[in-house]
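First up is the structure itself, then whatever we jot down about it.
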Amino acid sequence: MIRRLIPLFALLLLAGLAPVLLPTFHVTLLNYIGLYSLVALGLVLLTGIGGMTSFGQAAFVGIGAYASAVLTTQYGLSPWLGLLAGLAITLVVATSLGLLTLRLAGHYLPIGTLAWGLALFYLFGNLPGLGGFGGLQNLPNISLFGWQVRDPADFSLLIGLLLAISLWLLDNLLHSRQGRAIRTLKDSAGMAEAMGIDTARSRLQVFIIAALLAALSGWLYAHLQRVVNPTPFSVVMGIEYLFMIVLGGVASLWGALLGAALLTLIKQVLQDVLPQLFGHADNVEMIFFGVLVILVLQYARGGLLPLLSGLFPRAQPHPLPEHPAHALPRRTMPANGQPLMVAEGLLKQFGGLVANKDMGLTVNGAEITALIGPNGAGKSTLFNLLSGVLAPNAGQIVFLGQRIDGLSPRAIARLGVSRTFQHVRLLPDMSVLENVALGAHARGKAGLLRSMLHLEREEEAALLAEARRQIERVGLGAALHTPAGSLPLGQQRIVEIARALCSDPLLLLLDEPAAGLRHGEKQALAHLLEQLRSEGLGVLLVEHDMEFVMGLADQIVVMEFGQRLAGGTPLQIQQNPAVLAAYLGGVE
Amino acid sequence: MDISILAFLAQDGLTTGAIYALVALALVLVFSVTRTILVCQGDFVTYSALTLATLQLGLMPGTLWLLLGCSLAACTLDSIAALRRGQSRRVPGLLARYLGLPTVLWVVLDTFELAGLPAVLQILLTLALVTPLGPLLYRLVYQRVAETSVLLLLIVSVAVHITLVGISLLMFGAEGVRTDALAEAVFMLGELPVGLQSLLVIASALLLIGLLYAFFGHSLYGKALRATALNRKGAQLVGIPTQLAGKAAFGLAALIGAISGVLIGPLTTLYYDSGFLISLKGFVAAIFGGLASYPIAAASAFFVGVLESFANFGASAYKEVIVFTLVIPVLLWLSLKHPHLEEQH
Amino acid sequence: MSRLLDVRNLTISHGKVEAVRQLNLSLEEGQIVSLIGPNGAGKTTLMAALIGLLPAQGQVSYAGQPLLAHHDVAQRIDKGMALVPESRELFGLMSVEDNLRLGAFSRHRRGFRDHQKTLDEVFGLFPRMYERRSQPACTLSGGERQMLAIGRALMAKPRLLMLDEPSLGLAPRVIGEIFTIFETLRQSGVSILLVEQNARAALKISDYGYVLEVGEIVLEGSAQALANNPQVAEIYLGRPPTRAAMEVTSATGT
């Protein structure tokens, strides 16, 4: 914890010393870098980590600026009320825009942000009372208990303080349960839903945080400049913010500062140097920027900070919290061997294609059931029906007496069904511990605010302790702090199982867990599954590896052409002529 | 508002709409083949108009230097790649392919008295200067990032646009231009004046759309481009090199942009940074078509042009707001139609 | 007979996983060779690497010339290789005829203009394609799509036709129809490399076979020998569970 605070103190020190050591012009420059950094921080969270590209952050800066400008110049209120108003309006606007645009799939989202970014920009220039394109002037100074924030030196302290606080809050957030959920938003939303995470809500939260940071920056900017007009809130500026994080380090908080600094300083240098090289200087620096961004995107897609941080020694892993961790509440296992999940008469059609027809199976507790069948038999479809990814056209699925067909993966996860994925879905840069802790998301409650203020430590300790317990249970205790992406595939699959176990499931759904594993790894996996079986868990696995299945499963269900072909013990299945024909094929 | 104003606005709207339609078509084409949203399409339009204006003034257009520079860069990159593979025999061919046309253009532009050239020749020179920028841009910027996500490609496109605007300012200065009209006549349709230039623009746009339709529908190369847009892997498997498809798409887009610039030049004053708004309006139209349907994109473009014309007249400062806000429900609707826009990794 | 395809020590890595390991196989001109094996064995990966869609280590030579890393898909097709992938990859919104004509693209680029003749031959082989020539490809049934995919590959007049699971998703009768076509093709000079899960159908029409399991060739021989080899069934369905495993099962009372 102390280790994480050191860079923040360094930042505060810089903010305090700069006015003393540097000429005013440079202090002003640093202030601007600070202002841009606030926006860039939000953008790192939103785009770099959350995966939602936004070209419209400048519009929120504008809201923060204009709200305060109007309240202070036209109603004579204090700038602090202006800040409050700015944040409040931003909250409302961001929530509405977020609800509208965040549901946009894929690349439609940034286009949507472009659209409202532009719309808001033109509103700034045209709404009555905002001073048109000339803007509003003569904004008052911010005053804090009699201290007038007036000179660049004053602003340096204020901006530095607010920036440090923002960094602290966001850093806390990213290292909490909510933070782990946010980190799944970019590439693994499907997996997150299966772990019980409400990704839509998470996205909106991130969007709002980014907007609020931008509004804060706008407020500071307004009272720094003491003049507000629409120009700095255009989409062009919105693009520049994006450039900042692309340059600095798209997914790292400090990268935001680096990017803001780089962009500002390079611009400054170019504005000094280029007039001497060419006749006219304006906008020529844009050529330079454009080319720079293109080169970075071609050769260093993660931004420059990751390249630079490679030069520094690796940060130590966060030590586990010291609080005595209380154990999380657990579900009661149903009586041994009881049917956990019963599917009957399932029909699934895609247009004219019937993927599953009259399909059913039963999975019991303390038993391993395998689902096999030739390619194209419909196993994946059935698996998706059982895990809630798809809803059946007819038929029903009952889990412990409750109908689950048509329920979302999130709801099914919370009932006690957990799953793994055919292509391992771990967050490769996150440690094994944090990846597994994702599985326990639904067993925690700490909200956004508590997480940012670092107040959820006790619950976090319990969650991490549980994750550690599962990791040790599956035998990977030595890899606790290793980045999950660096493990061999076999171990990654086991990490996925640990993550699934972290949700305290009654039933495990495993999607081709043995695929791509070497012999020793398969043995380890089989051993683990047998152990889980003996503890009362029910397991359903879809597999192609016959060797693996025949030696492990208690009962096997064979599918062909979307329907149930046969069921029974491994020996029965191996001796079933219809199964043999289905696999080896034939020709009429 | 009387009939003559209505007619004037309609004519004005349809004319700009025609240009937006061409921009929209280029955007849909490039997106469907390369998944790139070509933000700089409008820049091809402005480059073309600015180049033509410069020629008409009798000056050497900076576009030539840009073309030469890009050609040299691309040629160098390809030559290095060939040498690395031990194929040094390919280098002379590369030199000819990349540097041939720019050299010829240089000679022509240097030799002749540019202002005195017949209009047709000036236009051809303009097209010859701007069109190759498309495939060169693909080779220099996009080829390396061709397999990345649409988002990344969009950010790259924005960077390209900003670079092009900066270069445009450098080459052409900050002043706006209008090219000489190709047709000055105005004739009367009953009581209403109809400009021949406007008619020319609309007719040319429709002709170009028709030609593109024929190209895609009937020539094997056109079908190959369509196929790449539909299924990249399938296109690879029939031997369509993906780079070829990318360069062809960009080349067509640049050609369409260049023709648009020539058409609209006499009617509107264009500045070095006019490209952005042109791209944007065309883009809105393309979005209405889901970045996939040519007819809807074209129709929407005409609609946007007319809407803009009337809103301009109504002095509605909110016209931009309306147009851009309209995009959002369209995007929502598109999103609902195609919910699983999963990116390939 | 000359060796058309020679693969030595081929290793293909998919990220961390070695999908194919030290694989050796060969195909003589005029042969039909099958690669059979259970799902997940690496067959599709192998096909993709041979046509140039995936990078691979090892030596591959075609018609006596080595195929190097920089020979991309288009170049390999120019040399006479063709792949009908598992997922068909048709141009759904384009007509059947357009799909077929596009198959001739590589020859068109090289200057040939005899596509109408080739098209007529393909229609002769697949009369149903002629009936449906103006329909969009996405309206065809599974079996017809397979025919279209094969027809499209044939438009390039390949020397080596590679097919990835042609029987996938097809009813047994249709499989028979299509597989008889392979024999016809062989007679007209096309060599065929067939990757199949449906072992019996594949071996029935092949000259030689390889059995692939988890990325390695575990068995090979003449098609007839393989068809009668009980080991093949074991590879597909696993060896019978051992006594120890059965005892554990009975001990837990399930």
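The values are calculated or read from the model by the stated rules, or taken from the named source; none is laboratory data. Owing to the predicted nature of the structure, the values given are computational and were not obtained by experimental measurement. Here the Cβ is made from the backbone with ideal geometry for all residues, glycine too, and neighbour counts use every protein chain on show.
Quick notes
- Tabulated pairs, the range B:138-155, first farther than 19 Å from A:S54 by Cβ and more than 7 Å from every other protein chain (Cβ to nearest Cβ), second of a type outside the set (S, T, Y) and outside any loop (DSSP other than H, G, I, E, B), C-beta under 6 angstrom, 6+ apart or interchain: B:Y138/B:G246; B:Y138/B:K247; B:Y138/B:F250; B:R139/B:A74; B:L140/B:A73; B:L140/B:A74
- Pairs are defined by a Cβ separation below 8 Å, a sequence spacing of at least 6 or placement on different chains, a first member in the range A:492-508 that is within 16 Å of A:S387 (Cα to Cα), and a second member that is among the aromatic types (F, W, Y) and surrounded by fewer than 24 Cβ atoms within 10 Å (Cβ to Cβ); the pairs so defined are A:E496/A:F421; A:L507/A:F399.
- Condition check for B:E320: under 26 Å from A:L97 (Cα atoms) and more than 12 Å from chain A (Cβ to nearest Cβ): no
- Verdict on A:I159 being modelled with pLDDT under 90, aliphatic (A, V, I, L, M), more than 14 Å from the chain's Cα centre (by Cα) and buried (at least 22 other Cβ atoms within 10 Å of the Cβ): no
- When the range A:122-163 is filtered for residues that are in contact (Cβ under 8 Å) with a residue 60 or more places away in the chain, within 30 Å of A:L12 (Cα to Cα) and touching a Phe, Trp or Tyr at 6+ places or on another chain (Cβ under 8 Å), the ones remaining, listed by number, are A:I142, A:V149.
- Pairing residues of the range C:167-190 that are within 13 Å of chain A (Cβ to nearest Cβ) with residues that are part of a loop (DSSP other than H, G, I, E, B) and aliphatic (A, V, I, L, M), at Cβ distances under 7 Å and at least 6 apart in sequence or on separate chains, gives C:P172/A:V587; C:I175/A:V587; C:G176/A:V587; C:F179/A:V587.
- Annotation: B:V284 fulfils all but one of (1) modelled with pLDDT of 85 or more; (2) more than 13 Å from every other protein chain (Cβ to nearest Cβ); the unmet one is (2).
- Inspection of the range C:148-165 finds no residue satisfying the criterion of being under 30 Å from A:M559 (Cβ atoms), within 9 Å of another protein chain (Cβ to nearest Cβ) and surrounded by fewer than 24 Cβ atoms within 10 Å (Cβ to Cβ).
- Selected residue (criterion: nearest to A:L30 (Cα to Cα)) from residues of the range A:120-156 that are among the aromatic types (F, W, Y) and surrounded by fewer than 19 Cβ atoms within 10 Å (Cβ to Cβ): A:W147
- Sole residue being out of contact with any Gly (no Cβ under 7 Å at 6 or more places or on another chain) and more than 24 Å from B:C70 (Cβ to Cβ), chosen from B:L95, B:L137, B:L129, B:L182: B:L182
- Matching residues in the range A:18-76 - criterion: being surrounded by fewer than 21 Cβ atoms within 10 Å (Cβ to Cβ) and in contact with a strand residue (DSSP E or B) (Cβ under 6 Å, 6 or more places away or on another chain): A:T73
- Where B:T131 falls short, out of the listed (1) surrounded by fewer than 22 Cβ atoms within 10 Å (Cβ to Cβ); (2) within 17 Å of B:G261 (Cβ to Cβ); (3) of a type in the set (V, I, T): (1)
- Checking C:D114 against (1) surrounded by 19 or more Cβ atoms within 10 Å (Cβ to Cβ); (2) farther than 14 Å from B:A235 by Cα; (3) not hydrophobic (A, V, I, L, M, F, W, C), the condition it does not meet: (1)
- Within the range C:1-20, considering residues that are closer than 20 Å to C:I192 by Cβ and surrounded by fewer than 18 Cβ atoms within 10 Å (Cβ to Cβ), the one modelled with the lowest pLDDT: C:M1
- With respect to (1) more than 13 Å from chain B (Cβ to nearest Cβ); (2) over 20 Å from C:E213 (Cα atoms); (3) crowded, with 22+ Cβ neighbours inside 10 Å, the lone exception for C:V33 is condition (2).
- All conditions but one from (1) closer than 17 Å to A:F421 by Cα; (2) not in a loop (DSSP other than H, G, I, E, B) apply to A:G196; the one that does not is (2).
- For the range A:447-460, filtered to residues that are under 21 Å from the mean Cα position of the chain (by Cα) and part of a helix (DSSP H, G or I), the residue that is nearest to A:I497 (Cα to Cα) is A:E460.
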